[in-house]
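The values are calculated or read from the model by the stated rules, or taken from the named source; none is laboratory data. Because the structure is a prediction, the values reported are computed rather than measured. In this analysis, Cβ positions are derived from the backbone assuming ideal geometry, glycine residues included, and neighbour counts consider all displayed protein chains. Heavy atoms of the whole protein, side chains included, go into the accessibility calculation; ligands, DNA and RNA do not. Shrake-Rupley method; radii C 1.70, N 1.55, O 1.52, S 1.80 Å.
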Amino acid sequence: MTQRVFVCRCEDVTVAEIQHAIALGLGSVEEIKRYTGLGTGPCQGKECIVALVRLLLAERAVTPEAVQPFTARPPAEPVTLAELASVAGTPPPEDGP
Amino acid sequence: MKPPVTLGRADEPLPEACDVAIVGGGVMGLSTAYAVAESSKLRVVVLERSYLVSGASGRNGGGVRMQWGDEGNVRVMMESIEICRGLAQELGINLWFRQGGYLFLARSEAGEQRLRRNAELHHRVGAPTRLLGPEEARELVPELDVHDVRLAAFNPKDGVVFPWPFVWGYAGQAIRRGVVVRTHTAVEAAEADGAGLRLRLSTGESLRANLVVNATGAWCHGLNHSLGVRLPNRPHRHEILSTEPLKPFLDPLVVDLASGLYFSQSTRGEIVAGITMPDHGDGGTDVDQSSSLGFLAHLGRTLAAVMPRLGRLKVLRQWAGAYDVSPDGDAIVGPSPGVPALLQLCGFTGHGFMMAPAVGRMLARFIVRGERHPMLERWDPTRFVDGRSRAREDMIIG
Ligand SMILES: Cc1cc2nc3c(=O)[nH]c(=O)nc-3n(C[C@H](O)[C@H](O)[C@H](O)COP(=O)(O)OP(=O)(O)OC[C@H]3O[C@@H](n4cnc5c(N)ncnc54)[C@H](O)[C@@H]3O)c2cc1C
């Protein structure tokens, strides 16, 4: 059944894949993110990180005290490149390669 | 293939002593560990302070190219790309390697001359680079603004990989061949121990090794200083971003020489983009991995000018990583000045990922058989002491 249960719906990461990563010795949220791609899609982990942490705790891969979320990356919400282009005060590059 | 027992652990038992201790679990350290284990019975231990893809190897753009300005670099990358073609099968993992080519755009006379010079060199050594006019460049990438492009260069064998599985793949196969990979354990100091070295670890343990490889990239000074080795490479922060995924529409990785902008579409569909930024470092050895709004704005402006349609694309995340840069732009590989048991594997600037498959083999042949590849002469760490250092490469992007 867990073959078909998705933890990260953006990147299609299943419970079974996470259990496999844990079996390989990867016990932290950062490691699982980089092994499975979990949390790198459009929602940036907002939907899946709690489910992942529950699973890590249930599998005894981490203790509640030791669990850490992965580094939140800016921007907080998706922003278009054109909007970003209008932000003032960018330093010009010193020299092109 | 059956999965390896682990991918490195914080509680992996360490031997008392080993032949080769590799400090740093990035792509350089792990490709070397794999190649040594593949070709010898030497006992190899990899020590990583954090988890395996935590350094630059887990933060880079995955660009892989043979379009360089210097013959030695072109040859190294021809070999690396050849290895990449069979590597997914060799490592038993999907690397998402896609050969969509690299397209360089020149907008100045100097840029045009560089591309012409490169194309001649590439032709001579057998790399299939073609020069293209602006309109031909637009046939490859239809939405490009080419109004002031004078010349473009395209090599269809260049491409992109997804860095994470690459690193895990090397780790898994190294472990399967007997390499001990200990994570969450930093090397805090080192001292001479007979003809070898003894490493002092953050866990209170120590490990003796006949040879130690410094594969700690931007952090390489810690280990070097504790052995009195002074080298002139310095850490550099480089930022990058990725966007929402789109259906495949962009084949090559595009580099705009005038601005230092590069962008590609990963096999997962996102646009991955970076650009040359002024160096905020103070010339010291502190490593900075913070992200900046200035980068987003500058990249947004430049990319929206080079390919206006991409202006509508949403950025999902940005991050930064650090790599070390040497003053002549060449890597620093081999026995250290005054401490021959310490092998450097540093100084790869913004192209260490793509070189790792070939360089890991090259260093393994040196360790196992004493074989000196011609590039090892050039990358010799003692060149800064006796004045043999010379800048040769003018196609460094980053
Ligand atoms: C944003 C960005 C984009 C890039 N784009 C490209 C690209 O497109 N193509 C390309 O080829 N290259 C690219 N690069 C460069 C490339 O990522 C690096 O050259 C390469 O990953 C270096 O690998 P490494 O193994 O030497 O270093 P790292 O991956 O940095 O590994 C060093 C490891 O050493 C560990 N360490 C440090 N100190 C200690 C200690 N005391 N004890 C134990 N462990 C320690 C660190 O935790 C780290 O894991 C890019 C880099 C960045 C930052």
(Q) For a protection proxy built on the mean count of beta-carbon atoms within 10 angstrom, sort A:69-78, B:13-22 highest first, please. (A) B:13-22, A:69-78
Q: Any chance you could look up the accessible area of B:Leu42 with a 1.4 Å probe, heavy atoms only, rounded to 10 Å²?
A: 60 Å²
**Q.** Nearest 10 degrees, 0 to 90: helix B:109-125 Cα axis against chain B principal axis
**A.** 60 degrees
Q: Using Cα positions and a limit of under 16 Å, work out the aspartates and glutamates in reach of A:Lys46, with same-chain residues fewer than 8 apart set aside.
A: A:Glu11, A:Asp12, A:Glu30, A:Glu77, B:Glu244
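For B:298-304, what's the mean count of beta carbons from other chains sitting within 10 Å of each residue's beta carbon? Numbers along the way, then the final one.
Working: counts 7, 4, 10, 7, 4, 4, 7.
Mean shielding count: 6.
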**Q.** Calculated SAXS-style log₁₀ I(q)/I(0) at q = 0.18 Å⁻¹ - the stretch B:292-398, Debye, Cα scatterers
**A.** -0.91
Q: Compare the peptides B:24-30, B:258-264 by average per-residue count of other Cβ atoms within 10 angstrom and give them in order, highest first.
A: B:24-30, B:258-264
Q: Could you check the simple spin-label distance between B:Glu109 and B:Phe249, using points 7 Å along Cα→Cβ, in nm with one decimal?
A: 3.7 nm
Q. B:Lys157: which lysines have alpha carbons under 25 Å from its alpha carbon, excluding same-chain residues fewer than 8 sequence positions away?
A. B:Lys247
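Given Cβ point charges of +1 (Lys, Arg) and -1 (Asp, Glu) and nothing else, what value in debye, to the nearest 20, does the dipole of chain B about its Cα centre take? Before the final figure, lay out the partial values.
Numbers: 44 positive and 43 negative charges, 144 e Å.
About 700 debye.
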Q. Counting each DSSP H run of 4 or more residues in the protein assembly as shown as -39500 (n - 2.57), what helix-only mean residue ellipticity at 222 nm follows after dividing by all residues, to the nearest 500 deg cm²/dmol?
A. -9000 deg cm²/dmol
Q: Among B:Ala364, B:Ala127, B:Pro235, flag the residue with its Cα farthest along the positive direction of the charge dipole of the protein assembly as shown, charges on Cβ as +1 for Lys/Arg and -1 for Asp/Glu.
A: B:Ala364
Q.
Can you compute log10 of I(q)/I(0) for the protein assembly as shown with the Debye formula, treating each Cα as one identical point scatterer, at q = 0.10 Å⁻¹?
A. -0.76
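Once the convex hull of the C-alpha atoms of chain B is built, how many Å³ does it hold per residue, rounded to a whole number? Don't jump to the answer; show the numbers that get you there.
Values: hull volume 53.8 nm³, N = 398.
Taking the convex hull of the Cα positions in chain B, it is 135 Å³ per residue.
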Q | Net charge dipole size for the stretch A:6-87 [Lys, Arg +1 and Asp, Glu -1 on Cβ; Debye, nearest 20] | A | 100 debye
Q) Of all the C-alpha pairs in the stretch B:258-348, what % are more than 20 Å from each other? A) 53 percent
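Would you list A:Lys33, B:Lys157, B:Lys247 from the most to the least accessible area, probe 1.4 Å? Before the final figure, lay out the partial values.
Working: A:Lys33 10, B:Lys157 85, B:Lys247 175 Å².
Sorted by accessible area, descending: B:Lys247, B:Lys157, A:Lys33.
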Q: At 1.4 Å probe size, with no ligands or nucleic acids counted, give the accessible surface of A:Cys10 in Å², nearest ten.
A: 50 Å²
Q: Quick one: which residues, 5 or more positions from A:Glu47 or on another chain, have an amide H under 5 Å from its amide H? H modelled 1.01 Å from N in the peptide plane, none for Pro or chain starts.
A: none
